[in-house]
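The values are calculated or read from the model by the stated rules, or taken from the named source; none is laboratory data. Note that the coordinates shown come from a computational prediction; the quantities given were computed from them, not determined experimentally. Don't worry about glycine lacking a Cβ; one is built from the backbone with ideal geometry, like all the others, and counts go over all protein chains shown. Areas reflect the complete protein model, heavy atoms only, side chains present, ligands, DNA and RNA absent. Shrake-Rupley method; radii C 1.70, N 1.55, O 1.52, S 1.80 Å.
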Amino acid sequence: MFQAVTKTLSVASTTYVCRGILLGIRHYCKKTPTKLRVSQALSGADLGANVKVQGWVRSVRPQKANVFLHVNDGSSLQPLQVVAGAELNDPLLTFGSAVEVTGSLKKSPHKKQPVELEADQITVIGECNPVDFPFKIKERHGLEYIRQFPHLRCRTNAFSSLLRIRSEATTAVHSYFRENDFVQIHTPIITSNDCEGAGELFQVEPSGPEIVEDEYFFSVPAFLTVSGQLHLEVISGAFSRVYTFGPTFRAENSQSRRHLAEFYMVEAEISFTESIEDLTKVMEDMFKSATEHVLAHCVEDVDLFHKHVTPGHRDTVDAMMKSSFPVITYTEAVDILNRSSEKFTFPTDWGCDLKTEHEKYLVKHCGNAPVFVTDYPYDLKPFYARDNQDHPERTAAAVDLLVPGVGELCGGSLREERLDLLSARLEEAGLEDTYSWYLDLRRFGSVPHGGFGLGFERYLQCILGVDNIKDVIPFPRFSHSCLL
Ligand code: 4AD
């Protein structure tokens, strides 16, 4: 059992706490230290003030007359330097321990930090045995190493930077849609449809003995969603621009570096589309707008990745931001693959699914920049994709965005809005009854529409250059692993 330890080390002459209750109102006298986050303290706005900072020790340097600590609370990559007299040093002040420090904020004589906290009281709130703690002071641990400790890796610089970037990128995605008049829709997590028709569903049922059909909790088989698309299509019948951003689940038995069983997807659905360009424009704009936001708001965190974790990747990101994403058709893509001297493991005949190796080659061929591939074989795409009615090679108006290092980042299509064509396709698949409500959308005020989904973790991999998708999500879920 974890035992909380609270030990206070203070300079005898100092006392700040003078709060009292007067007529039921709690008063704090002027000397009560102001509680600050590390990022606030570093901003320099409170120079000279008596402050209290709480966080975790990232380094301890005892010297003859002083002890120097670096304290971090997750609010910024940069820690706050604490300077204390040697009398405040204590063996419990170790790398990883949790502390509360009060003192005054001073301008730092060192160039590296603008501000330091001159401590007159240090309380060790939670001790940390540095021998047992899996991360060691001064060591730069690789992403693969820290992945073994999903319960502790947020204490490392790299993973805490990742979490701040992820949070800011989430804000950036929402901002993009808000600025472009999209309405956010909370599509359900539990659903009775298999949007992608790929059968990669997790079924939802209460635990217990096997359930017979008429005893299903929901009276029908229910699953964790593989995509919010069909629900977005419902709402796009009344709101011409909608989006959703939430967890998505796929029972893919894959250990790959770009697949998870639970991932976050950003999906948009747009009504009154005229061509696939209406979709590629939103995909490219959203990608660039979110990336610009992240680069501007997470300068130090992104630098940590681009300088120390994935050196050289910044050039790729800058090139992506400058490029105007080219568009090629699937047929052109297959031609490019067949004309190359590269030996691919998987076939490249017209009609084949593009695999990661093909996607990566196409990205390189297009100057290591994002590329849209459009008009895929009709038979490769789910029932909802719009038939291009072309011959002899029948294609659907579908589009994927392929990006450096990752391959497929977005998948989308125009949707089949024509009732006769859609019902024929559903009938062929024996799904006409299941999707009678979906056919209704084509019966009542149907309009040309389309949309796409962007894998949020793959987006983070793409802008940070992170090779393994498990390193960009707090708690990765994949086949044979559901830790914590
Ligand atoms: O291409 P997908 O399967 O498209 C759809 O689900 C559409 N219904 C979306 C839509 O049109 N509204 O998935 C979209 C994106 C992929 O391009 C990929 O980036 C990501 O979701 N993705 C995954 N990311 C991590 N792990 C997995 N297992 C993923 N499967 C798809």
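Table for the structure above
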quantity: Pair A296, D353: separation of 7 Å Cα→Cβ label points (nm); calculated: 4.0 nm
quantity: Shape call, segment 122-167: gyration tensor on alpha carbons, a/c limit 1.5; calculated: oblate
quantity: Two-site label geometry, Q148 and R443: point separation in nm, points 7 Å out along Cα→Cβ; calculated: 6.0 nm
quantity: Per-pair calculated FRET efficiency, R0 = 41 Å: R257 and D390 via Cβ, rounded to 0.05; calculated: 0.70
quantity: Residue-by-residue Karplus 3J(HN,Hα) for segment 314-330, coefficients 6.51, -1.76, 1.60, Hz, glycine and proline x; calculated: 4, 4, 5, 5, 4, 5, 4, 5, 7, 7, 9, 4, x, 10, 10, 7, 4
quantity: Shape of the chain, Cα gyration tensor, a/c cut at 1.5; calculated: prolate
quantity: Probe 1.4 Å - accessible area at K307, Å² to nearest ten; calculated: 130 Å²
quantity: Gyration tensor (alpha-carbon) shape descriptor, segment 79-129, a/c threshold 1.5; calculated: prolate
quantity: Surface per residue (accessible, 1.4 Å probe) for the chain, Å²; calculated: 50 Å²
quantity: Over the chain, relative contact order from alpha-carbon pairs under 8 Å, at least 6 apart, %; calculated: 12 percent
quantity: Qualifying GluC sites (Glu not before Pro) in segment 270-308, DSSP loop, other Cβ atoms within 10 Å at most 16; calculated: E274
quantity: Karplus-derived HN-Hα couplings along segment 62-74 (A = 6.51, B = -1.76, C = 1.60, θ = phi - 60°), whole Hz, x at Gly and Pro; calculated: x, 10, 4, 9, 9, 10, 10, 10, 10, 10, 10, 10, x
quantity: Point-to-point label distance, T171-K307, nm (Cα→Cβ direction, 7 Å offset); calculated: 2.2 nm
quantity: Solvent-accessible area, 1.4 Å probe, carbon plus sulfur percent, for the chain; calculated: 52 percent
